[in-house]
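We did not get these values from a lab; they are worked out from the coordinates using the rules stated. Only a predicted model underlies this, so the values are computations on that prediction, with no experimental measurement involved. Cβ: placed from backbone, ideal geometry, glycine included. Neighbour counts: every protein chain shown.
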Amino acid sequence: MNWIALTDISQLDEIGTASATKPVLLFKHSTSCAISRAALDRLQRAWTDADDRSHTVYYLDLLRFRTVSNAVAERYGITHESPQALVIRNGQCVYDGSHFAITYAGTIAALTS
């Protein structure tokens, strides 16, 4: 996966702009959580080069950038969870999956619907 590191609150404006052209996946990951690692691995194992061409993907390290995570929750009106996969389209969160609900099939369906 061609991740873009989400490290600054100002990038949320970029995500909003980019999501007008193609859907954006935002993956919130806790590097100390086994469930988060499993969810990330499930996505990465199934992700294809075609998926990278079709979608922009951001990776947020929750432990290092908690203020950014809080800003994500506020901007998109979602409850913070970890791990969490969000699909942003036209500046709005249209999909919010967490924990074992994060699957490749579910994420791709949300990105392409």
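Couple of notes before you dig in:
- Under 5 Å between amide hydrogens, built in the peptide plane, is the criterion, and for ILE4 it picks out VAL57, TYR58, TYR59 among residues at least 5 positions away or on other chains.
- Proximity of backbone amide H atoms, modeled 1.01 Å from N, is registered between GLY91 and SER19, ALA20 at under 5 Å, excluding neighbours fewer than 5 places apart on the same chain.
- Applying 1/(1 + (r/R0)^6) with r as the Cβ-Cβ distance of ILE9 and LEU63 and R0 = 25 angstrom yields a FRET efficiency of 0.90.
- Virtual spin-label span in nm between ASN2 and GLN44, 7 Å along Cα→Cβ: 1.8
- Protection-proxy order for peptides 77-89, 31-43, each taking the mean of Cβ atoms within 10 Å per residue, highest first: 77-89, 31-43
- Here each label is just a point 7 Å from Cα along the line to Cβ, and for TYR104 and SER32 those points are 3.1 nm apart.
- Restricting attention to the chain, close to 55% of DSSP beta bridges with both partner residues there are antiparallel.
- Selection from GLY106, ALA5, TYR76, by position along the positive dipole direction of the chain (Cβ): GLY106
- Note on Kirkwood radius over Cα pairs in Å: of the candidates (i) 14.7; (ii) 13.7; (iii) 14.1, the value calculated from this structure sits at (ii).
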